[in-house]
Amino acid sequence: MAANMSLKKNPMPSQEPQVRAHNFGEVALGYSEAAALDEAARCLNCKHMPCVSGCPVNIHIPEFIAKVREGDFEGAYQVINQTSSLPAVCGRVCPQETQCESKCVRGVKGEPVGIGRLERFVADWHNAHATEAPVPAPSNGHKVAVIGSGPSGLTCAGDLAKKGYKVTVFEALHTAGGVLVYGIPEFRLPKAIVQKEVDNLKAMGVDVKTNMVIGKTLTIDELFGMGYEAVFVGSGAGLPSFMNIPGESLKGVYSANEFLTRSNLMKAYLDDPVTPISKGGKVAVVGGGNVAMDAARTALRLGAEKVYIIYRRSMDELPARHEEVEHAMEEGIEFKLLNNPVEILGYHNPDDKRDPKNGCVTGIKCIRMELGEPDERGRRRPVPVEGSEFTLDVDTVVISIGTSPNPLIKSTTVGLEVNKHGGIIVEETTGATTKKGVYAGGDAVTGAATVISAMGAGKVAAKAIDEYLSK
Amino acid sequence: MYKIVAKKCLNPTVTMMDIEAPFVAAKAQPGQFIILRTDADGERIPLTIAGYDRTAGTVKIIFQIVGATTEKLNHKEAGDFLQDFVGPLGMPTEIEGLKKVCIVGGGVGCAIALPIAQALHAAGCEVTSVIGFRNKDLLILEDEFKAASDRLFVMTDDGSYGRHGNVCVPLNEMFEAGEKFDKVITIGPLIMMKFVVAATKPTGIPCVVSMNPIMIDGTGMCGGCRLIVGGKTKFACVDGPDFNGYEVDFDSAMERGTMFRDFERHAHEETCNLFNKEVK
């Protein structure tokens, strides 16, 4: 079959913006077999494989695409599975445009090969057609504890289980999956996919213990006492940051973590939920990252009549993935760029202290910004324009300006050192911490980052733990 | 799943349960809390630990039936199971080195105050307890407090039992008589704690309050339990639940506590209707 020299990727079939803005179903619907075959034919199968160097877990990309091209979809899955434990997840949430696809030769003139879309296709095909459950590898007799069941923990657990380690994953919440279940919304990553990945791990012999808060229920030292020979800490990012402006405790102000946890993990998006959330009204989301996009699009689907994104820099500096921003705009979310909140305004009835509306958000006061000199990271620093304050009428505000690492493990583990931001200090090539036998990766180390970089860190640590315990 | 090994009604709206949770029982300290879900797809609710038996591996909870989830919880019997039970969460109450302490509990808050009084009493501290209730029917744990205190004041708002008046009455009397304490520790409704703090302030005695804001994960992730303490944002789940009472912004905490009141009332009614239908 001749190579497909089209300059454009096969488009991703998606729900129409006006439709999807009112449901929690997945936005992108995935390639058909025909589209996958056609897209795979765009790959030039370059000898030097630049795309692989752009992948944090080094998936053998040209090799799996060649299998797709042959129509051997299960074979393609097996190629991906050699290096990635969560292809159905990564095919959906990886920022391929800054990773594998940014290195694709086809991208020099035209669009790169739709590597992420093909990865998703292959993983979904496997999940729909695979008949054999994974089987446990022969035991090597070693026990390893993994703290946290998010992307880094699941990856680390999966890699170790494949090598015959007896792995126990300790999860603080009642459901495994970490940020994949409490943070990323259903319309970007269906929970059934995460559950499938967790079930696969269990089939491979991994024990998943929920309701275990390491640092509280058990400490790392106690885990060693229980016979675990190495520990991987993938406890994720922690407490949400706030702006420290007046009005942040008003009723109707949420952190993005709280807003998304209510909707995703606690299923507040249901018509008759058991956990409440603000539905409808006008919503302002403060921040410009992927989490802000998720919160804004969730608010819209919960029935908001108007959703604003308030970000203090311009579109060029917006840190969210381009695709997410585009989706948000198509759905009708209004971007208030170069604006910074200075105060959240609330209702106060001076005549009735018991008025239930007291303390409810009525608006957000912002000031316009302009870009000044570049800061140390080269991003132009936003400077307030004096006298330019204005008020947006809103009744819900979601603050999405980042998180700081969770203090629970650090404060209960002697010998585990953290940097000035609270991130666990590790050796980059191994994930080894300052405490013997303890490895770490993901947001607990780096602060809020991507699913795939956390998976990469889980992988690196799994390899290092294997070397450490094989000595 | 976590087994309910014992259940006892303390009054028409307050129930005590012992839950089999050996990992939590092994670590629990006075002042810490747990989070539970009654059923799959249930809501997560925080409850402060009212006691623990490390040998039996059980944790005691005492809860007031105020909403849908506590209503569902109260419909469970000994031998039934809870879906989830996680803890111990939060920082323990600091009791080390205290020689003379006044514990002030209000309503179901007394359930949380009791293990603190017991721990202090066991450590040889002189404990004065003031416990207050709306009326005689709502009185709980009197005998337990008697056993853990050197001096006990029982107050009711309507005078139907003990002394007539709120918890600040004996507190003010003691302060006026020049009595000194190393610490005043108070647990109960926000408005009561606010008044206890105000009554204690002129004495300069340190006053610790136990906060119980709205909470979801309880592990330092969602930020829903935030409070203004000393002008800064603090998180009850990891920084608390105990805070310096002089620094807590009670007015903002009281307002935030009502954030979902309409929803909660509706959900509670729905749950009651559901149970009533089952009975019919």
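Couple of notes before you dig in:
- Residue within the stretch A:183-205 that is in contact with a strand residue (DSSP E or B) (Cβ under 9 Å, 6 or more places away or on another chain), buried (at least 23 other Cβ atoms within 10 Å of the Cβ) and at positive phi present: no
- Considering the conditions (1) assigned to a strand (DSSP E or B); (2) under 30 Å from A:VAL27 (Cβ atoms); (3) more than 14 Å from chain B (Cβ to nearest Cβ), A:ALA328 is excluded by exactly one of them, (1).
- Among residues of the stretch A:356-369 that are within 14 Å of chain B (Cβ to nearest Cβ), those with a Cβ under 7 angstrom from a residue that is small (Gly, Ala, Ser), sequence gap 6+ or separate chain, pair up as A:GLY359/A:GLY346; A:CYS360/A:GLY252; A:CYS360/A:GLY346; A:VAL361/A:GLY252; A:VAL361/A:GLY346; A:THR362/A:GLY346.
- Checked against (1) touching a Pro at 6+ places or on another chain (Cβ under 9 Å); (2) at pLDDT 95 or above; (3) surrounded by fewer than 22 Cβ atoms within 10 Å (Cβ to Cβ), A:VAL213 passes all but condition (3).
- Exactly one residue out of B:LEU47, B:LEU98, B:LEU36 is of a type outside the set (D, E, K, R) and part of a loop (DSSP other than H, G, I, E, B): that is B:LEU98.
- Strands (runs of 3 or more DSSP E) enclosed by the stretch A:359-440 - at least 2 residues per element that are assigned by TED's automatic domain parsing to the domain that holds A:GLY281: A:361-374, A:380-384, A:390-393, A:396-399
- Every residue from the stretch B:103-126 that is in contact (Cβ under 8 Å) with a residue 60 or more places away in the chain, of a type in the set (A, V, I, L, M, F, W, C) and buried (at least 24 other Cβ atoms within 10 Å of the Cβ): B:ILE103, B:VAL104, B:VAL108, B:CYS110, B:ALA111, B:ILE112, B:ALA113, B:LEU114, B:ILE116
- Some residue of the stretch B:192-209 being open to solvent by 10 Å² or more (accessible area, probe 1.4 Å), out of contact with any Phe, Trp or Tyr (no Cβ under 6 Å at 6 or more places or on another chain), within 14 Å of chain A (Cβ to nearest Cβ) and closer than 22 Å to B:GLY67 by Cβ: no
- For the stretch B:177-226, taking the residues that are of a type in the set (A, V, I, L, M) and in a helix (DSSP H, G or I), the one that is farthest from A:ALA172 (Cα to Cα) is identified as B:ALA199.
- Residue in the stretch B:228-251 that is within 11 Å of chain A (Cβ to nearest Cβ) and part of a loop (DSSP other than H, G, I, E, B) present: yes
- Scanning the stretch B:39-65 for residues that are within 20 Å of B:LEU89 (Cβ to Cβ) and open to solvent by 30 Å² or more (accessible area, probe 1.4 Å) yields B:GLU43, B:PRO46, B:TYR52, B:ASP53, B:ARG54, B:LYS60, B:GLN64.
- Test for A:VAL135: is it touching a residue at least 60 places away in the same chain (Cβ under 8 Å), farther than 30 Å from A:GLY238 by Cα, open to solvent by less than 40 Å² (accessible area, probe 1.4 Å) and in a loop (DSSP other than H, G, I, E, B): no
- Search result, residues across the stretch A:438-471 that are farther than 27 Å from A:THR98 by Cα and open to solvent by 50 Å² or more (accessible area, probe 1.4 Å): A:GLU467, A:TYR468, A:SER470, A:LYS471
- Some residue of the stretch B:69-87 being within 14 Å of chain A (Cβ to nearest Cβ) and assigned to a loop (DSSP other than H, G, I, E, B): yes
- Residues being away from chain A (no Cβ under 13 Å) and farther than 30 Å from B:ALA177 by Cα - total across the stretch B:210-227: 1
- Lone qualifier among A:VAL307, A:VAL342 - being outside any loop (DSSP other than H, G, I, E, B), within 21 Å of B:GLY224 (Cβ to Cβ) and at pLDDT 95 or above: A:VAL307
- Among the residues of the stretch A:345-355, the one identified as within 13 Å of chain B (Cβ to nearest Cβ) and not in a loop (DSSP other than H, G, I, E, B) is A:GLY346.
- Note on the stretch B:127-143: among residues that are among the acidic types (Asp, Glu) and either assigned by TED's automatic domain parsing to the domain that holds B:GLY31 or touching a strand residue (DSSP E or B) at 6+ places or on another chain (Cβ under 9 Å) (or both), the one that is least open to solvent (accessible area, probe 1.4 Å) is B:GLU142.
- A single entry from A:PRO276, A:PRO240 fulfils the requirement of being within 9 Å of chain B (Cβ to nearest Cβ), in contact with a helix residue (DSSP H, G or I) (Cβ under 6 Å, 6 or more places away or on another chain) and under 17 Å from A:ASP395 (Cβ atoms): A:PRO276.
- When residues of the stretch A:249-265 are limited to those that are outside any helix (DSSP H, G or I) and at the interface with chain B (Cβ under 7 Å from one of its Cβ atoms), the one nearest to the chain's Cα centre (by Cα): A:SER255
- The stretch A:160-187, subset more than 20 Å from A:LEU223 (Cα to Cα) and among the charged types (D, E, K, R), residue nearest to the other protein chains (Cβ to nearest Cβ): A:GLU186
- Within the stretch B:257-267, considering residues that are in contact (Cβ under 8 Å) with a residue 24 or more places away in the chain and open to solvent by less than 40 Å² (accessible area, probe 1.4 Å), the one farthest from the other protein chains (Cβ to nearest Cβ): B:GLY257
- Hey, A:ALA296 open to solvent by less than 20 Å² (accessible area, probe 1.4 Å), in a helix (DSSP H, G or I) and more than 23 Å from B:GLU43 (Cβ to Cβ) or not: yes
The values are calculated or read from the model by the stated rules, or taken from the named source; none is laboratory data. Not measured: the values here are computed from a predicted model. Virtual Cβ from ideal backbone geometry, glycine too; neighbours counted across all protein chains shown. The protein model used for the area step is the full one, side chains on, heavy atoms only, and it has no ligands, DNA or RNA in it. Shrake-Rupley method; radii C 1.70, N 1.55, O 1.52, S 1.80 Å.
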